Amino acid sequence: MARYATIIGTGRYLPPIERTNEQFKQDMMAVNPALGEVVDKFEASTGIKTRWYAADDWATSDLAAEAAKDALADAGIKAEDLDWILLGTDSPDYITPATSVVVQHKIGAVNAGTVDVGCACASFPTGLALGAGLIATNPYIKYILVIGAYMMHKLADWKTDVVSFFYGDGAGAAVLAVSDKPGFVCSTAFADGSYHKHWGIYSGGTYEPATVESVQAGRTKVRLITPFPPDVNNVGWPKRMRELAAHGNFDLQDVDMAIFTQVRLNSIQLVMQDLGLPIERAHWIMDKWGYTGSACLPMCFDDARKLGKVKSGDLVTFVGSGVGYNQAGAAFIMP
């Protein structure tokens with residue numbers, strides 16, 4: 001009997017501390033009055049109006065654990081039923097050990113193996129594809145939890161760096177289960193490592209271990225060094241969508257819901273126009289929750305699903321794009 005991965009539950013967690021664009025703008029203007037205009041431009045191009053932060057004593061694993069509990073409840077299973085936890089983040093608790101193993105402990109998933117997926121905002125569709133492969137090839141596997149979690153504000157100079165406009169905390173999750181009917185359809189992936197010096201945290205690893213000097217210079221914080229060309233997403237996302245259609249042998253017009261990285265609303269609008277799909281077949285959350293990085297795709301999907309915009313039998317695509325850069329896509333038919 002063929003073994004397919006299907007999505008049986010989703011969940012999310014949004015932390016409680018709100019920082020609106022107006023608050024952000026006032027803080028930036030206290031640093032440099034000219035930054036007020038930058039904030040206005042960011043808002044106009046992204047659609048972001050606010051963002052939410054976790055408490056100072058929280059770590060990424062805490063966000064992930066809350067989203068995991070929500071997804072498990074939605075799926076109607078217990079943490080001890082899980083065989084694997086796949087967690088995508090580029091704001092980990094530690095360099096090592098993996099954040100996924102911390103989450104496994106915090107939610108009591110005593111029978112699950114774990115792995116971190118380090119593809120930044122492409123981690124969730126990558127995790128879905130990896131989970132589908134594990135289910136298809138391992139007869140003992142019944143349930144896999146795929147999580148995206150993000151707490152980049154804590155690794156940023158969020159009080160002084162205007163690029164922190166984008167960083168909001170959050171987590172989202174989906175439960176994959178084995179099925180005899182196709183849920184998972186196909187996946188795709190692409191990367192271009194020539195951009196690896198554009199945006200990241202560049203001190204604290206083996207390239208430059210953290211020193212007093214690197215900390216004082218801010219190199220252990222996330223930094224945008226060189227902006228990415230708009231074509232990275234505006235051209236790359238349609239390519240990934242067309243690859244999914246080719247790999248899965250479906251027509252783009254068959255897509256009922258397209259979930260993209262939640263960084264710029266105008267990018268989603270341009271991509272949907274390129275694909276010939278009505279904007280109503282996309283969903284976005286950056287206006288109310290900010291850019292939540294590795295968490296934004298599962299959070300967006302959970303929101304669309306619980307608002308009734310995703311129904312049984314719908315074909316849903318996920319396309320994510322993250323620093324490095326990585327891009328990944330996955331397509332599922334909803335049970």
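The values are calculated or read from the model by the stated rules, or taken from the named source; none is laboratory data. Predicted model, so just to flag it, every value in this text is computed and none were measured. FYI the Cβ positions are ideal-geometry reconstructions off the backbone, even for glycines, and counts take in every protein chain you see.
What is the number of the single condition among (1) surrounded by 21 or more Cβ atoms within 10 Å (Cβ to Cβ); (2) in contact with a helix residue (DSSP H, G or I) (Cβ under 8 Å, 6 or more places away or on another chain) that ASP157 does not meet?
With respect to (1) surrounded by 21 or more Cβ atoms within 10 Å (Cβ to Cβ); (2) in contact with a helix residue (DSSP H, G or I) (Cβ under 8 Å, 6 or more places away or on another chain), ASP157 is out only on (1).
Given the structure, is PRO229 under 21 Å from the mean Cα position of the chain (by Cα) and at pLDDT below 95?
Working: under 21 Å from the mean Cα position of the chain (by Cα): yes; at pLDDT below 95: yes.
Yes.
Among the residues that make up the range 121-129, is at least one of them aromatic (Phe, Trp, Tyr), touching a Phe, Trp or Tyr at 6+ places or on another chain (Cβ under 9 Å) and within 13 Å of ALA295 (Cβ to Cβ)? Outline the logic, then answer.
If we filter the range 121-129 for residues that are aromatic (Phe, Trp, Tyr), which is where we start, we get 124.
With the extra rule that they be touching a Phe, Trp or Tyr at 6+ places or on another chain (Cβ under 9 Å), the set shrinks to 124.
When the remaining residues are screened for being within 13 Å of ALA295 (Cβ to Cβ), the result is 124.
So far as the range 121-129 goes, yes, one or more of its residues are aromatic (Phe, Trp, Tyr), touching a Phe, Trp or Tyr at 6+ places or on another chain (Cβ under 9 Å) and within 13 Å of ALA295 (Cβ to Cβ).
How do the strands (runs of 3 or more DSSP E) wholly within the range 66-152 filter down when requiring 3 or more residues that are surrounded by fewer than 19 Cβ atoms within 10 Å (Cβ to Cβ), touching a residue at least 12 places away in the same chain (Cβ under 8 Å) and aliphatic (A, V, I, L, M): which remain? Walk me through how you get there before you give the answer.
Details: elements: 84-88, 113-117, 143-150.
Ranges flagged: none.
Taking the residues in the range 1-36 that are among the charged types (D, E, K, R) and out of contact with any strand residue (DSSP E or B) (no Cβ under 6 Å at 6 or more places or on another chain) as candidates, determine which candidate is surrounded by the most Cβ atoms within 10 Å (Cβ to Cβ). Give the steps one after another, and end with the answer.
At the first step, the residues of the range 1-36 found to be among the charged types (D, E, K, R) are 3, 12, 18-19, 22, 25, 27.
Remaining after also requiring out of contact with any strand residue (DSSP E or B) (no Cβ under 6 Å at 6 or more places or on another chain): 22, 25, 27.
On the way: GLU22: 11, LYS25: 20, ASP27: 17.
Result: LYS25.
In the range 250-273, which residues are farther than 28 Å from LEU14 by Cβ and touching a residue at least 40 places away in the same chain (Cβ under 8 Å)? Full working, then the answer.
Just the residues of the range 250-273 that are farther than 28 Å from LEU14 by Cβ, to begin with: 250-254, 273.
Those that are farther than 28 Å from LEU14 by Cβ and touching a residue at least 40 places away in the same chain (Cβ under 8 Å): PHE250, ASP254.
Could you look through the range 30-48, keep only residues that are of a type in the set (Val, Ile, Thr) and within 20 Å of the chain's Cα centre (by Cα), and pick out the one that is farthest from GLU18 (Cα to Cα)?
The qualifying residue farthest from GLU18 (Cα to Cα) is THR46.
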